[in-house]
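Here the structure comes first, spelled out in structure tokens, and everything after it is commentary.
The values are calculated or read from the model by the stated rules, or taken from the named source; none is laboratory data. On a predicted model such as this, the values are computed, not experimentally measured, just so you know. Methodologically, a virtual Cβ is constructed for each residue, glycine included, from the backbone with ideal geometry; neighbour enumeration extends over all protein chains shown.
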Amino acid sequence: MHQVVLGLGGNRGDRLALLDKASKLLAQKMDLEKASSIYHTAAWGGNSHGAYLNQVLVLNTSMKAEECLNFIQQIENQLGRKREVKWGDRTMDIDILYFDNEIINTERLKVPHPHIANRNFVLVPLAEVLPDFVHPQMGKSSMVLMEECEDSLKVKPLCNIS
């Protein structure tokens, strides 16, 4: 079995229902080990305009990394994902953050995810579920990466939205 860490998020449609549906679809072929809280975040990257809901899931799977990528892209498509603009608005985005401690660098897949250290919307939920997990290239834990992150976007637990 492989441990795969996924970042989920979306800013279109019923965001909460879409996160729930994505988790249920993932659980059809993977075993959920941990789920972070759901966080409300501002759009990141400049091409996206609505606020996002984000979550990190830790799952176990017998799939290889490329198979896992194919599976999560099928789920994104099933949930209405359109790939029209890079970092644009979307119903669901599922990123492979980590796949065991592997370093994968293919045209289709880069693991660890290359932007982990720059995004609070990933680091906050990641530090919640895997605070001591060490990034295999950077040699720093999720907690240290979060503390060092220069991203100024606010990440709030969903229950604290006012």
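Of a type in the set (A, V, I, L, M) and free of Cβ contacts under 8 Å to residues at least 24 places away in the same chain, is that true of ALA117? Before the answer, list the steps.
On the way: of a type in the set (A, V, I, L, M): yes; free of Cβ contacts under 8 Å to residues at least 24 places away in the same chain: no.
Judged against the criteria, ALA117 is not a match.
Restricting to the range 16-42, name every residue that is among the aliphatic types (A, V, I, L, M), under 14 Å from the mean Cα position of the chain (by Cα) and assigned to a loop (DSSP other than H, G, I, E, B).
ILE38
For the range 104-120, what are the residues that are surrounded by 13 or more Cβ atoms within 10 Å (Cβ to Cβ) and outside any strand (DSSP E or B)? Full working, then the answer.
Looking only at the range 104-120, we keep the residues that are surrounded by 13 or more Cβ atoms within 10 Å (Cβ to Cβ), and these are 104, 109-113, 115-120.
Matches in the range 104-120: LEU109, PRO112, HIS113, HIS115, ILE116, ALA117, ASN118, ARG119, ASN120.
Check the range 90-97 and report whether any residue there is surrounded by 13 or more Cβ atoms within 10 Å (Cβ to Cβ) and modelled with pLDDT of 95 or more. Show your work before the answer.
Applying the first criterion (surrounded by 13 or more Cβ atoms within 10 Å (Cβ to Cβ)) to the range 90-97 yields 90-97.
Imposing the further condition that a residue be modelled with pLDDT of 95 or more reduces the set to 96-97.
Looking for residues that are surrounded by 13 or more Cβ atoms within 10 Å (Cβ to Cβ) and modelled with pLDDT of 95 or more, one finds at least one in the range 90-97, hence yes.
For the range 51-72, how many residues are part of a strand (DSSP E or B) and charged (D, E, K, R)?
As a first pass, look at the range 51-72 and keep what is part of a strand (DSSP E or B): 52-61.
Next cut, charged (D, E, K, R) only: none.
Residues that pass the stated criteria total 0.
Based on this model, can you work out whether LEU123 counts as aliphatic (A, V, I, L, M), modelled with pLDDT under 90 and surrounded by 14 or more Cβ atoms within 10 Å (Cβ to Cβ)?
Values: aliphatic (A, V, I, L, M): yes; modelled with pLDDT under 90: no; surrounded by 14 or more Cβ atoms within 10 Å (Cβ to Cβ): yes.
So LEU123 fails the test.
Pairs only if they're at least six apart or on different chains, beta carbon under 7 angstrom, first in the range 142-162 and under 16 Å from GLN55 (Cα atoms) and outside any helix (DSSP H, G or I), second modelled with pLDDT of 90 or more and of a type in the set (Gly, Ala, Ser); list them, first residue then second.
Pairs that qualify, where the first residue is under 16 Å from GLN55 (Cα atoms) and outside any helix (DSSP H, G or I) and the partner is modelled with pLDDT of 90 or more and of a type in the set (Gly, Ala, Ser), are PRO157/SER37.
Do we have SER162 as at pLDDT 95 or above and either out of contact with any helix residue (DSSP H, G or I) (no Cβ under 6 Å at 6 or more places or on another chain) or among the basic types (Lys, Arg) (or both) here? Working first, answer last.
Values: at pLDDT 95 or above: no; either out of contact with any helix residue (DSSP H, G or I) (no Cβ under 6 Å at 6 or more places or on another chain) or among the basic types (Lys, Arg) (or both): yes.
The answer is no for SER162.
List pairs: first in the range 49-60 and at pLDDT below 90, second among the aromatic types (Phe, Trp, Tyr) and buried (at least 22 other Cβ atoms within 10 Å of the Cβ), Cβ under 9 Å, 6+ apart or cross-chain?
Pairs found: TYR52/TYR39; TYR52/PHE121.
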